[in-house]
Each structure stands twice: as C-alpha cells, then as structure tokens.
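Following: one structure in structure tokens, then a few remarks.
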Amino acid sequence: MAMISIEALYKSYGKQAALDGFSLEVEEGELLILIGPSGCGKSTLLKCVNRMVQYDSGSIVLAGRPVSDYKEELLRRGIGYCIQEVGLFPHMDVYENIAVVPRLLRWPEERIKERVDRLLAISGLSADHLKKYPRQLSGGEAQRVGVLRALASDPPVMLMDEPFGAVDPLNRHTLQAEFLKMQKQLKKTVVFVTHDVDEAILLADRIALMEKGRLVAVDEPAGLEARLDEGFIGDFLGREYPLRLLSRYEIKELGLCGQNVENAADGKDMRIAMEPGMTLKDLLSGLIRAQGDAVLLTTPEGAGMRITFSDIKCLMQGAKR
Amino acid sequence: MIWVRRAAIISLFVLFVFGFGYVEALYSIIVPLRPAIVERTALYVLVWQHLVIALVPTLAALAISAASGCLLHVYGNEELKSLAISLGSIGETFPSVAIIALSVPVLGYGNLPCMLALFIYAVLPILRNTVTGLSEVPRGITEAARGMGMDKFQMLFKVELPLAWPVMAAGLRIALIINISAATLGATVGAGGLGIPIVAGIRTYDILMVIKGTMPVLLMALFADSMFAGRSEKRA
C-alpha cells in the first residue's frame, strides 16, 4: 500500500491554478523527487501534504488516513519538514533546535538525548556542534542540522523543499551524498522538491516531473531517458540527460564488467586512478579526455582495467537492470 | 565594563541623594541670601515618589502593549498592524506636557494625571515595537516553526517573542528614559517627585534647587539606559 496517495488535487490562488488535478502515489521507503520549473506547483503540493496549504478539492491519504482527519499541528509533528531557508531558531543552540519536535511531543529528556546522539552518529556533525548557536555554523552545517531536526522524532515521512538549494555546489554535493547514505539506512518515505536535474538524478528512487500543476511523468531516473522525445520532458530534463544520468552510477557499486580486466598495463592508454565516489560520468569524461579508444583504470590495490566505450555501455545496461 | 558603568552611576546617585545636605550647607555660606524654600521633603522621599510616578505607568504600559501587540499579531490583520505602527510613531512625537495638561480636566491635580499621561506616552511606542518586532521574525523561521507542528501560541512564546524581544526592549528603553525625565513635569500639576525642587528652583531663581532635582533624574535615566545597553552589547 502506498504511504502517501494524492488524488485529483486542485488548488488555485485566485484565477491562477497551482495544482490542476494532480494525482500521485508515493510508496513506503521511497525517495520521490518532485521536479519542475518555478511556479509549477511543486512546493504547493508539498505544503498540501502537511496542510501548510489548504487544497481546494481532492484527497491526500497518509498511511491509510486522510490528512484532513488529523488536527493540523499533530499531523505536522508526525512529518519531518525541511526547507531551503533551514529556519533554525537563532536563540536556541543546535541541541535545542533538534529537540524541538520531540519536546512538542513531550518525550522525556533522556529519550531526546539518546535520539540526538544517534542522529549525530549518522550525520557528518560532531558532539561539539550541539552547544553552538546557528550563527556559529557554516551554511552546510546549518543545513545538516536542519535535516537532523526534521528527523528528530523519527517520522516515517519527510517533506523536503529544496533543502540543499542555498548551499554552494561543492558543499551541496557532499550534503547530497551524506543524505543519500542516511536515507539508505533509514528508509524514510521522502518527498523531495528540487529544480536541479542533477540532484534529482543522484537522489531519486523515482522522479515526478510537474508542469503547470499537473503530473507530466513519473518514473525511475533511467526510465525517463526513453521519454525524452515527449516535448516537455525533453525540454526540461535537457537533451544531455543521458549523459547526466551516468553520474548516478558509482563504479564501485556496479562491479566492473569482468572481461576486460588486464592486470598487466600495456602502457599506451591514459591512466585514471579509481577514487571513492567515482561515477560512470567521471569514467566517460576520462575516456573523452584520453582521446583514445580506452583508458586504464587503476584500483588502489594496484590492479589495472582497460575500459572502452563499449564497457561503459555494458556497465550502464547492468546498472539499469 | 557595563557593570563598572552601572556601579559608578549608582554610587554617584547614592552620594548625591544622601550627601546633598552638605552641598547645601556649603552653598549657603557662599550665597547667604537664598530664598526661603517651603519644600522640606527629604530628597530620598522625592526620589521614591519620582520612581513610582515614572516606573508604574511604564511597566503598566509594557504589560498592556506587549499583550495587545501579541494579540494583534496572532489575530489581527495587516491593516490593524500598520495602524498600530503609525499610531505608535505619532504617539512618540506628541509632547508629554500636552498630555499632562489635557488629563488635568479629567483627573484633577495630583499624581494621577501625570501617571496617566506617562502611561499613554509609553503605550504607543512599546506597542509599535512589539508589532514590528513580531512581524520582523524571518519568514523561514516562522515557516519552519509552523511546519514542525507548533500552534500559534507555541510559536509566539517559543519562537517569535524571544526573537522580537530586542526590538521590544528598544521601545521600552525609549519610553522608560523619556518617562523618567518627563515625570518632572508632573510637579506643574501637583504631582510629587523630583519636579518639585526643579519647579520651585526655577520660580525662585535658585540654581541649587534646580540641580537638586535634576541630578538624580539624570543619573536614573543614565542607569536605565545602561541596563539596556548591557543587553544589546551582549547580543551583538
């Protein structure tokens, strides 16, 4: 059964329709990316789920119960919420910020402490950060605290509205990778709004593409590749989408295509050292840069592998399966 | 630093209030023909009266305008809020003498018209700053608070009021300092306090009497100011 099912949702601001009959099901434990151009209604949709915005008609069912059945505040306490502005409370230190929702839920202080310690362990923050105030944190640290705060009461569902949007690209990538690692452990049901295609490709289990308040397509990142010829999908995702898609696949996780392994380097091909987090896109970039038929990928153990374009194709096909 | 400043002001104040008799005696030797002053109330009594006349209306104004500012913030619409803000600005430019004069026909002579005037004078700026402070809390912060499931009053007490406090305190600071000095005007309508020696001194061309009333007022105002200065310096 779907964790969140949204059906025929309508919302208009005056004459402007923000949501125009939107329907979607989000499975339990899934990270669903909502993507679309500015003003397509993606943030409005997110806010309808925790009733920050009152929709005009349609229904949203959360874990089998319509959201309209809940008292607004109680509904929100049960859903993690994370926004681009982060909105940490400047008069509270990091610990108190994370403890906000557990305290609203009247958890005993020991349980909150335990929970904060556990969250800290899975995040990139150290215990020193707990006593700091938001103004003492860097942008990336503040965002991490924002995510931890949303996770504090261990809610099954998280709503994230461009949570990494205001961070510089390098930090953003670190945050995304950390978040992905965390999500693989925690298996939350996440609805994540972004307008960044690369972010969507990297994080999504499925991508829901929106335009003018309607759902245009929803599929796994690799699945959307086949539909690039359909007007808006191709326009928004870009013709280079297949290339961007390569950055989703880490070489380490794929298990390299075995047939081309040659322990003895033949010396002619350009060498690329394999690094943690290296993706197929990096590998292809190396191949293009080498301007030859193949590159030699060297592992830290000293083994070398000759990789050609057809190997990348083979890896790609393997990854999609 | 701020503690040194406060201690200095307080010791000067105590020295002046309890040691003024000596100054007066010394002065009488130099200027033997001082006019006979009817006022025989001890200086510390005047100081006490003055404090009551200045502080009670200011604190009452703080309570009332903070409460109404919060209600306005939670339940009021934008028009009401901007009305409160412009009223506050107008109220600040209105001379306190005029309010004192206007309240005499209603309340007669004595402490009451003076206290009413000071109350009215303080209410508007504090109300304005409360409304401004509450509405200036960044949207991202209120949005996060709401999204985490705080109700209106939890948002107000846990988030908005603590963040609005510096702005509110600025309004209180202005109101308090002005009221400490404006309370001297009460003497013209029969109120007690340090206005009595000042008014009497002006009438009889006795500079020492004017100084006797002015110095404690000055030191009290400085002390009130230093209380708030400590706050804002710590925050910055």
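The values are calculated or read from the model by the stated rules, or taken from the named source; none is laboratory data. Since this is a predicted model, take the numbers as computed values, not measurements. Using ideal geometry, Cβ is built from the backbone for each residue, glycine included, and neighbour counts are taken over all protein chains shown.
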Which count do you get for residues in the stretch B:101-153 that are within 14 Å of another protein chain (Cβ to nearest Cβ) and either under 19 Å from the mean Cα position of the chain (by Cα) or of a type in the set (S, T, N, Q) (or both)? 1
Criterion (surrounded by fewer than 16 Cβ atoms within 10 Å (Cβ to Cβ) and part of a helix (DSSP H, G or I)) met by exactly one of A:Arg144, A:Arg135: A:Arg135
If I filter the stretch A:50-104 down to residues being over 23 Å from A:Gly29 (Cβ atoms) and aromatic (Phe, Trp, Tyr), which single residue comes out as nearest to the other protein chains (Cβ to nearest Cβ)? A:Phe89
Taking only pairs six or more apart or across chains, which ones have beta-carbon atoms under 7 Å, a first residue in the stretch A:216-227 that is over 18 Å from A:Glu240 (Cα atoms) and in a strand (DSSP E or B), and a second residue that is among the small types (Gly, Ala, Ser) and at pLDDT 90 or above? A:Val218/A:Ala208
Picking from A:Ala127, A:Ala142, which residue would you name as being over 25 Å from B:Pro138 (Cβ atoms) and either of a type in the set (A, V, I, L, M) or in contact with a Ser or Thr (Cβ under 7 Å, 6 or more places away or on another chain) (or both)? A:Ala127
Is at least one residue of the stretch A:161-179 part of a helix (DSSP H, G or I), without any contact (Cβ under 8 Å) to a residue 60 or more places away in the chain and within 14 Å of another protein chain (Cβ to nearest Cβ)? no
Given the structure, is A:Lys42 within 28 Å of A:Met182 (Cβ to Cβ) and within 14 Å of chain B (Cβ to nearest Cβ)? no
Please work out if B:Glu160 is acidic (Asp, Glu), under 24 Å from B:Ala63 (Cα atoms) and touching a residue at least 40 places away in the same chain (Cβ under 8 Å). yes
Going through (1) buried (at least 18 other Cβ atoms within 10 Å of the Cβ); (2) under 19 Å from B:Ile178 (Cβ atoms); (3) over 15 Å from the mean Cα position of the chain (by Cα) one by one, B:Leu87 fails only at (1)
Pick from the stretch B:154-170, criterion in contact with an Asp or Glu (Cβ under 9 Å, 6 or more places away or on another chain) and over 20 Å from A:Gly80 (Cα atoms), ranking: nearest to the other protein chains (Cβ to nearest Cβ): B:Leu163
Mind telling me which of the residues A:Leu159, A:Leu209 ends up being over 30 Å from A:Pro102 (Cβ atoms) and crowded, with 21+ Cβ neighbours inside 10 Å? A:Leu209
Can you name the condition, by its number, that A:Lys187 falls short on among (1) of a type in the set (D, E, K, R); (2) away from chain B (no Cβ under 14 Å); (3) in contact with a helix residue (DSSP H, G or I) (Cβ under 9 Å, 6 or more places away or on another chain)? (3)
Among the residues that make up the stretch B:140-150, is at least one of them modelled with pLDDT under 95, in contact with a strand residue (DSSP E or B) (Cβ under 7 Å, 6 or more places away or on another chain) and surrounded by fewer than 21 Cβ atoms within 10 Å (Cβ to Cβ)? yes
